[in-house]
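Heads up: the structure comes next, in structure tokens.
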Amino acid sequence: MLVVTYTLPAFCVPGSLNEMLNTFQENAIDNFEILIVDDGSNEETTEIACTFLSDPRVRLIKMNQHVFAH
């Protein structure tokens, strides 16, 4: 089965990240995965990302510095 991978760079976007991940989970399509790339953002963004990790389609990659944000 084909799986679509969404890569979401996240830098200090807790509200947007929460809304986006909720939208993905409400989607009727199950054949996708989400890679959240935390670009050294604040703790609130990381905490929100972690609340979605119980979904096996969601993975978090933490970066220590701002690779994507600039």
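The values are calculated or read from the model by the stated rules, or taken from the named source; none is laboratory data. Quantities reported herein were computed from a predicted structural model and do not represent experimental measurements. As a convention, Cβ positions derive from the backbone with ideal geometry for all residues, glycine included, and neighbour counts pool all protein chains shown. SASA here: full protein model, heavy atoms, side chains in, ligands and nucleic acids out. Shrake-Rupley method; radii C 1.70, N 1.55, O 1.52, S 1.80 Å.
Could you check the chain for strands (runs of 3 or more DSSP E) lying wholly inside it with 1 or more residues that are touching a His at 6+ places or on another chain (Cβ under 9 Å) and touching a residue at least 24 places away in the same chain (Cβ under 8 Å)?
In the chain, the matching strands (runs of 3 or more DSSP E) lie at 32-39.
Considering only segment 45-52, I want to know if a residue exists there that is at pLDDT 85 or above, of a type in the set (A, V, I, L, M) and touching a strand residue (DSSP E or B) at 6+ places or on another chain (Cβ under 8 Å).
Taking every residue of segment 45-52 in turn, at least one turns out to be at pLDDT 85 or above, of a type in the set (A, V, I, L, M) and touching a strand residue (DSSP E or B) at 6+ places or on another chain (Cβ under 8 Å).
Looking only at segment 58-70, filter to residues that are modelled with pLDDT of 90 or more and open to solvent by less than 90 Å² (accessible area, probe 1.4 Å); which one of those is nearest to Val3 (Cα to Cα)?
Val58
Please determine, by comparing only the residues of segment 40-57 that are surrounded by 16 or more Cβ atoms within 10 Å (Cβ to Cβ) and over 11 Å from the mean Cα position of the chain (by Cα), which one is nearest to Pro14 (Cα to Cα).
Applying the filter and picking the extreme gives Ser41.
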